[in-house]
1. Using the Karplus curve 6.51 cos²θ - 1.76 cosθ + 1.60 with θ = phi - 60°, what ³J(HN,Hα) values do you get for each residue of region 19-36, in whole Hz, with x for Gly and Pro?
2. Could you pull out every residue, at least 5 positions away or on a different chain, whose amide H is within less than 5 Å of the one on S361? Hs are placed 1.01 Å off N in the peptide plane, and Pro or chain starts have none.
3. Build a GNM of the chain with springs between Cα atoms under 10 Å: which of V326, V201, V60 gets the top mean-square fluctuation?
4. Taking H placed 1.01 Å from N in the peptide plane, check which residues at least 5 places from A187 or on another chain put their amide H under 5 Å from its amide H.
5. For L232, what residues show an amide H to amide H distance below 5 Å, using hydrogens built from the backbone and excluding near sequence neighbours?
6. Rolling a 1.4 Å sphere over the protein heavy atoms, what is the accessible area per residue of the chain, to the nearest Å²?
7. Of the heavy-atom accessible surface of the chain (probe 1.4 angstrom), what whole percent is carbon and sulfur?
8. For q = 0.09, 0.10 Å⁻¹, what log10 I(q)/I(0) does the chain give under the Debye formula with an equal point scatterer on each alpha carbon and no solvent?
Amino acid sequence: MKFQVNRDVLADAVAWVARALPNRPALPVLSGLLLEAGDDLVLSAFDYDVSARASIEADVAEPGRVLIPGRILAEITRSLPAEPVEIVTSGSEAVLTCGSAEFGLLTMPVEDFPTLPSMPPKIGAVGGGVFASAVGQVAPAASRDESLPMLTGIRIDISGETVAMAATDRYRIAAREFGWRPEEPGAAAAAMVPARVLVEVARSLRGGEVSMALGDGVAGFESVGRSTTVRLLDEQFIDYRSRLSDDWSIRADLRVAPFIDAIKRVALVAERNTAIRLSFSQGQVLIQAGGGDIGRGTEVMEAELSGDGIQIAFQSQFLLDGLAGVETEFVRLNMESPSRPALITEVPGDADPAFRYLVMSLRLT
């Protein structure tokens with residue numbers, strides 16, 4: 001095998017594919033990146049659950065396949081000078097040359113590398129910006145506890161021209177709806193995709209249109225020459241819609257950015273996982289934290305209150321995660337009592353807002 005390729009294009013593709021490499025591969029060959037030179041250069045990684053492929057233009061003199069340790073290839077390509085890169089296989093080595101730099105990398109047995117899954121049937125597409133925004137809004141609510149796999153995923157429900165995403169870790173629920181272009185009118189499907197994979201996909205495919213595919217327990221995402229497949233989690237999920245009720249007796253509207261900044265400042269004196277207390281009265285909210293060994297912090301900001309005054313407390317990071325998902329200038333906190341969860345929505349909002357974030361309150365002491 002012998003080919004030449006632009007250094008920046010190669011480094012970008014290698015870095016993207018290498019994200020799918022497992023931290024603790026079950027087999028040594030799963031730590032490798034597969035390079036296949038033909039009409040184009042295709043780079044692939046696969047760990048039996050997640051696969052990643054990137055296709056780039058290359059000047060191929062001799063077609064072929066080679067398996068190279070992925071992480072070291074990513075480190076090397078990132079640090080190469082701004083010169084064309086040539087890779088040639090010679091015996092058990094892949095010789096990489098770029099300007100005056102040369103590396104001889106020991107190859108891995110390509111015949112032992114597993115066959116990558118094929119892309120399932122395409123079911124629709126959406127702009128990469130919309131897709132990335134939706135994933136970014138719901139992903140913080142997904143659990144990191146691998147002992148409960150159902151909670152580590154993002155639920156995707158497809159109904160015609162509408163896609164709904166949701167995630168929960170039992171302490172908060174984040175949900176977002178957006179429009180897309182289905183392949184077939186009236187299409188309906190549901191899937192549980194691991195949140196960590198969907199976050200990487202959304203981050204890297206932000207630039208173009210994202211196509212989504214589903215079938216045989218696998219989801220696929222594809223955009224601008226890059227594709228990812230992932231094995232789906234069990235479809236079991238909570239009935240989250242019934243918990244995002246619109247029946248709230250107290251509403252408070254605040255400017256998002258100043259509210260976030262105030263919470264971060266006050267939280268500097270709060271011990272880890274302690275409460276941020278919000279005391280709403282007509283025209284303002286008092287934000288309080290601390291009072292322990294470090295000290296205490298308070299700040300007052302404007303708030304438009306509808307309903308009775310209320311004092312309610314939240315875990316600061318959970319509250320900040322919800323506020324970070326708000327894309328309007330103002331945010332609305334919908335509340336009922338200090339002991340019940342609060343619903344965060346955007347303002348101005350429709351009767352059924354696109355983004356909703358339900359967060360549990362903490363007991364006031």
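The values are calculated or read from the model by the stated rules, or taken from the named source; none is laboratory data. Worth saying up front: this structure is predicted, and the values here are computed from it rather than measured. With ideal geometry, Cβ positions are generated from the backbone for all residues, glycine too; neighbour counts draw on all protein chains shown. We work out accessible area using only protein heavy atoms, side chains counted, and drop any ligands, DNA or RNA first. Shrake-Rupley method; radii C 1.70, N 1.55, O 1.52, S 1.80 Å.
1. Result, rounded to whole Hz: 4, 7, 5, x, 5, 10, x, 5, 10, x, 5, 6, 8, x, 9, 8, 10, 10.
2. When sequence neighbours closer than 5 places are left aside, the close amide H contacts are A342.
3. Answer for the Gaussian network model of the chain: V60.
4. Those qualifying (amide H under 5 Å, at least 5 residues apart or on another chain) are G160.
5. V218, A219
6. Counting only protein heavy atoms, the per-residue value for the chain is 48 Å².
7. 47 percent
8. Log10 I(q)/I(0), no solvent term: -0.63, -0.74.
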